[in-house]
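Worksheet for the structure shown next.
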Amino acid sequence: MKIVINTQIRENYGSADQPYWKFKGGDVYVVPNLSVAQTLKVKEQGIPTLTALIQHSNSMFEEYVIDWSIQDNDAVVCEPWETPFELFYKGGRWVANRTVENGEYGHMRSVVERKTEEYDMLMEAGRENYRVVYTMRNGDMITGEQANEYFAKAA
């Protein structure tokens, strides 16, 4: 079983004094491979915490949870061009992980095969210990800190 959380994102194209909000899609967050007992625990205790970790709002941007559900592990939870964040409870905190394949719907440089990112979730969409690794089509693996230098050499 897995828990699936869907969000809505809005951006303010106006100002704080004269807002002009536009809906901009959203994200999908998945807590995968749960037993029945774990699913019930996340449902009862984790959903309020995960909502508080995901949702945030200021005068120019907001993301909020629009729904959540319990699904079978093999259920399709998003469109083919979307990549959900997988959430894990490790070491007393929630960690988000996402691997984006640079395939048919990819938008990264053609030399990139995939991007994997991970971070510790903090309240109101805060991030700590953010890590990103790019896997190149030639097998090289580079960190986000190495990316600019690597791409400059490849150009």
Out of the residues in the range 27-75 that are of a type in the set (D, E, K, R) and part of a strand (DSSP E or B), state the one that is nearest to the chain's Cα centre (by Cα). Glu63
Matching residues in the range 90-114 - criterion: being at pLDDT 95 or above and aromatic (Phe, Trp, Tyr): Trp94
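Conditions (1) of a type in the set (Gly, Ala, Ser); (2) free of Cβ contacts under 8 Å to residues at least 40 places away in the same chain; (3) assigned by TED's automatic domain parsing to the domain that holds Gly26; (4) under 14 Å from Tyr29 (Cβ atoms), marked per residue:
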| position | (1), (2), (3), (4) |
| --- | --- |
| Asn58 | no, yes, yes, no |
| Arg109 | no, no, no, no |
| Asp120 | no, yes, no, no |
| Asn129 | no, yes, no, no |
Quick count over the range 104-126, residues being farther than 23 Å from Lys153 by Cα and assigned to a loop (DSSP other than H, G, I, E, B), is 2
Give me the pairs: first residue in the range 1-22 and under 15 Å from Gln55 (Cα atoms), second residue assigned to a strand (DSSP E or B) and of a type in the set (D, E, K, R), beta-carbon distance under 6 Å, and six or more apart or on different chains, which are they? Asn6/Asp67; Thr7/Glu63; Ile9/Glu63; Arg10/Glu62; Glu11/Lys22
Within the range 51-74, track down each residue that is under 11 Å from Ile3 (Cα atoms) and aliphatic (A, V, I, L, M). Ile70
Restricting the range 1-16 to residues that are at pLDDT 95 or above and over 17 Å from the mean Cα position of the chain (by Cα), the one farthest from Phe61 (Cα to Cα) turns out to be Met1
Suppose the filter is modelled with pLDDT of 95 or more, surrounded by fewer than 15 Cβ atoms within 10 Å (Cβ to Cβ) and either charged (D, E, K, R) or within 20 Å of Ala96 (Cα to Cα) (or both); does Asp27 pass it? no
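The values are calculated or read from the model by the stated rules, or taken from the named source; none is laboratory data. Bear in mind the structure is a predicted one, so any value in this text is a computation, not a measurement. Because the Cβ atoms are built from the backbone with ideal geometry, glycine has one as well, and the counts that use them run over all protein chains shown.
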